[in-house]
Structure formats: C-alpha cells, structure tokens
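*Asks:* Encoded as structure tokens, here's the structure I'll be asking about.
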Amino acid sequence: MRYTPRRGLSIPTVTIFDDAGKVIEDEQRRVIRHVAQDGFGADMIFGAGTTGEWNRLENFERQRTIEITIDEVRQINRSLTGRGLSSIEAWVGINGSTSRETLENLELALSEGADAVVIAPLAIGDLEDADIVRFFQRDIAGVLEPSQRELPVFLYDNADIAAPGHGHHIRTRTVKDLSRLEWVSGIKVSAPRGVLGNYTKAALHFKKPGEFGIYIGNAMLVFDWFMPRKGFAGRIREGWRDYLLHDTLPIGVVSGPANVQPREWQKAWRSCWSGDTELITTYRELFTEFEHICQRKTIACIKHALAIDGVISSASGTLVGNGTRALSLDEASRFRDAYEAFTERARRASLPLWQTVGNRVSVN
C-alpha cells in the first residue's frame, strides 16, 4: 500500500443520541467540528469506537455514526485544504456484535470513503480466537479486494470490550499473521508496554519500519512514555523501553478526554513527541486532574462537559447508553463546579493558540 500510518492525536468521539438510542445528527456533527478545532485539534477523528459507545447502539445507529463521521470530516477538509492546511483523517470503528454486522459495516465504510477502519476482533461475539486470521484473510479480504481501493485496517486491542469467552489480548502470533496482509496498517493498544513491544516485534516480521503504526490507547501513558530520562538510571530505563519496542516508538495517542480539550491534547502530544519536559509535566498534571474529577465515569463526564461548553444540548449531556456509568444529579452538580475550576486552570496553563474554542467552532 502507498498509505503510511498517520502520526499524531486520534480523538474517538462520543456519540450523541436521544433517550431512544437514536443518533442526533446535528449534535454529532457539532462534536466532530469541535474536536477538529479548525485544524488545531485531532489529526484523526475516530467515530463509532468504544468512547462512542458502539456496543450500546443498534447496528443501524452505528452505521449512521459512520456515515456522519465520514461526511462531516469531508466537509471540514474542504475548508482546511482550501486554505492550504493539512487535512484530517476519518477513521471509523466497524465492529458489530457479529461477524456479519462487521462485514456490513466494512462495506459501508468502504463505499462512503473512510480513510481507515478499526476492528477489535476479540469484541466480535461469534468469532472464535482461532478463526480471527481466517476471517481477515477470507472475509475482510473478500470485501476489500474487489473494490481495488486502498483502505487501511487497524486492529484494536482492549480487554475491556472483549466478548465472553475471548482472551484479554490479541495473541502475538495472530498480530504477526495479520501483519502479512498489506492493508493491515497498525494497532491501537490499551495495554501495558510489554504488550506493545510484543506486537511491534510480531509486525516487523512482515512490515518495514514505518509501515505498521502503534497507537497508545491508555492516553495518560503517553506522558511517562515520552518523558526524557535523566541520569544513569534514566538512560537504563529508556534503553530498556526501546529494547522492548525494538527501537520503534508509538506514533500516536488515542484520547477520549480530548473530546473536551482537543487543542490542549494536540499540544500535549506535540510536547511529548518533541521531548519538552516542562510542557509534558504541565499537561500530565492538568489531565490527571480531569481524570480525577471524572471519578471513573469518563464518558458521562465528557458529555456533560460538552453540554456545559455549549457544544451539545443540556439534555444530550445527561444521556449515556445502557451499561455505561451515568452521573447522578449530585455528581453532575459537583462535576460542573470542578470542571469550571479545571478549565480556568487549563486556560492559565496554555498559550492562546492551544486553548480549545467552544461552541464558536464553525466550518465555512
């Protein structure tokens, strides 16, 4: 493939739906424009993923989310490229509850013009671990090959969404076998460092450096990962890290909380990549505070924050899918107070260019 995995910040957008579980199109588009931040936010916008509660929606609504994400990013890119700015990639999760739904979603993403698709094979309920490679070689290939269109496929490893009966992580041997397929372009990993290193080693059997991208799924890990080490002990730790990764660093981070502060997260990623120790420390402390005020109800708090900032309606900001941890009225009130204090601290810590613009974001 001519495609090279994109480096940078991937923002998995929350999905905005009503109390019947139907996606609210105009508000979903506003979230997408918000995370784009007129070219200063996401490098990749990822719709219908775990942060988007794909596993709480009916497949028709997943497909609507896929269509809306691709179309809205296309409109945003018309404005960006028209002004000589870099475009944003539209990535979409195509997981369904079954293999059949997953293939249907792949066909839709292909026809709509997605820049890339993401598949979490362990989350497909009727796909046995032993059958994953064959599913890609035969079924996924059976959709992609007749189209003769390049569509990068990224794997997603996240133990939290593994279907019953599946392992916690994709087997290293499976990643090695899948990396033989030219259109398998990387993996998003919510797992410890050693797992990332194993996947890198596996992929390099059949991919050249730069052809297979590793993306950190536990967003806060990026700060420890890229913090420059000092002294003899620090150099030893850095050398061990590079050894585990076979001298191939992750090329991006996937941050759900970046729905709320896309510009700040973009600057944080740039600071990590450049090794700016002072800014790495600043943003790590800032986002640790946001993590703390969310109290392990991150998706509910992201939606509530977007409602507070006027990106979505107040009613939408209270709705999460069945099975997602919701905020009580008291929790929502406490979060509002803490969030307003947090945004003020974020404003003082950031340069004006890297302060997220709220509901004023628009596309020409």
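*Asks:* In segment 156-190, which residues are among the aliphatic types (A, V, I, L, M) and touching a helix residue (DSSP H, G or I) at 6+ places or on another chain (Cβ under 7 Å)? Lay out the reasoning, then the answer.
*Replies:* Narrowing segment 156-190 to residues among the aliphatic types (A, V, I, L, M): 159, 161-163, 170, 175, 178, 181, 184, 187, 189.
Result: Ile161, Ala162, Ala163, Ile170, Val175, Leu178, Leu181, Val184, Ile187, Val189.
*Asks:* Can you find even one residue in segment 318-341 that is closer than 19 Å to Met220 by Cα and in contact (Cβ under 8 Å) with a residue 12 or more places away in the chain?
*Replies:* There is at least one residue in segment 318-341 that is closer than 19 Å to Met220 by Cα and in contact (Cβ under 8 Å) with a residue 12 or more places away in the chain.
*Asks:* If you don't mind, another one. For residues in segment 84-96 being without any contact (Cβ under 8 Å) to a residue 40 or more places away in the chain and at negative phi, which is surrounded by the most Cβ atoms within 10 Å (Cβ to Cβ)?
*Replies:* Here the residue is Gly96.
*Asks:* Hey, another quick one. I'm told Ala346 meets every condition in (1) without any contact (Cβ under 8 Å) to a residue 40 or more places away in the chain; (2) farther than 25 Å from Glu53 by Cβ; (3) crowded, with 18+ Cβ neighbours inside 10 Å except one. Can you identify the failing condition by its number?
*Replies:* The failed condition is (1).
*Asks:* State all residues of segment 1-53 that are under 22 Å from Ile214 (Cβ atoms) and in a strand (DSSP E or B); if no residue qualifies, say none.
*Replies:* Gly8, Leu9, Ser10, Ile11, Pro12, Met44, Ile45, Phe46, Gly47 - these are the residues of segment 1-53 that are under 22 Å from Ile214 (Cβ atoms) and in a strand (DSSP E or B).
*Asks:* Does segment 251-272 hold any residues that are farther than 14 Å from Ala346 by Cβ and without any contact (Cβ under 8 Å) to a residue 60 or more places away in the chain, and which are they?
*Replies:* Scanning segment 251-272 gives Arg270, Ser271, Cys272.
*Asks:* Within segment 307-327, how many residues turn out to be surrounded by fewer than 18 Cβ atoms within 10 Å (Cβ to Cβ) and part of a helix (DSSP H, G or I)?
*Replies:* Number satisfying all stated conditions: 1.
*Asks:* Can we say Ile312 is aliphatic (A, V, I, L, M) and over 25 Å from Lys22 (Cβ atoms)?
*Replies:* no
*Asks:* May I pose another question? Please verify whether segment 112-119 includes one or more residues that are on the phi < 0 side of the Ramachandran plot, out of contact with any helix residue (DSSP H, G or I) (no Cβ under 7 Å at 6 or more places or on another chain) and part of a helix (DSSP H, G or I).
*Replies:* no
*Asks:* Are there any pairs with C-beta distances below 7 angstrom linking a residue in segment 40-55 that is modelled with pLDDT of 95 or more to a residue that is among the hydroxyl-bearing types (Ser, Thr, Tyr) and surrounded by fewer than 24 Cβ atoms within 10 Å (Cβ to Cβ), with the two at least 6 apart or on different chains, and if so which?
*Replies:* Listed by first residue and then by second, the contacts come to Glu53/Thr324.
*Asks:* Within segment 28-56, track down each residue that is at negative phi and charged (D, E, K, R).
*Replies:* Arg29, Arg30, Arg33, Asp43, Arg56
*Asks:* Can you tell me which of Ala219, Ala163 is surrounded by 15 or more Cβ atoms within 10 Å (Cβ to Cβ), touching a Leu at 6+ places or on another chain (Cβ under 7 Å) and part of a loop (DSSP other than H, G, I, E, B)?
*Replies:* Ala163
*Asks:* It is to be established whether one or more residues within segment 182-190 are in contact (Cβ under 8 Å) with a residue 60 or more places away in the chain, hydrophobic (A, V, I, L, M, F, W, C) and in a loop (DSSP other than H, G, I, E, B).
*Replies:* Yes, because at least one residue in segment 182-190 is in contact (Cβ under 8 Å) with a residue 60 or more places away in the chain, hydrophobic (A, V, I, L, M, F, W, C) and in a loop (DSSP other than H, G, I, E, B).
*Asks:* In segment 349-364, what count of residues is obtained for those that are modelled with pLDDT of 95 or more, surrounded by 12 or more Cβ atoms within 10 Å (Cβ to Cβ) and part of a helix (DSSP H, G or I)?
*Replies:* Total meeting the criteria: 1.
The values are calculated or read from the model by the stated rules, or taken from the named source; none is laboratory data. For clarity, every value in this text was computed on a predicted model and none was experimentally measured. Backbone-built Cβ (ideal geometry, glycine too); neighbour counts: all protein chains shown.
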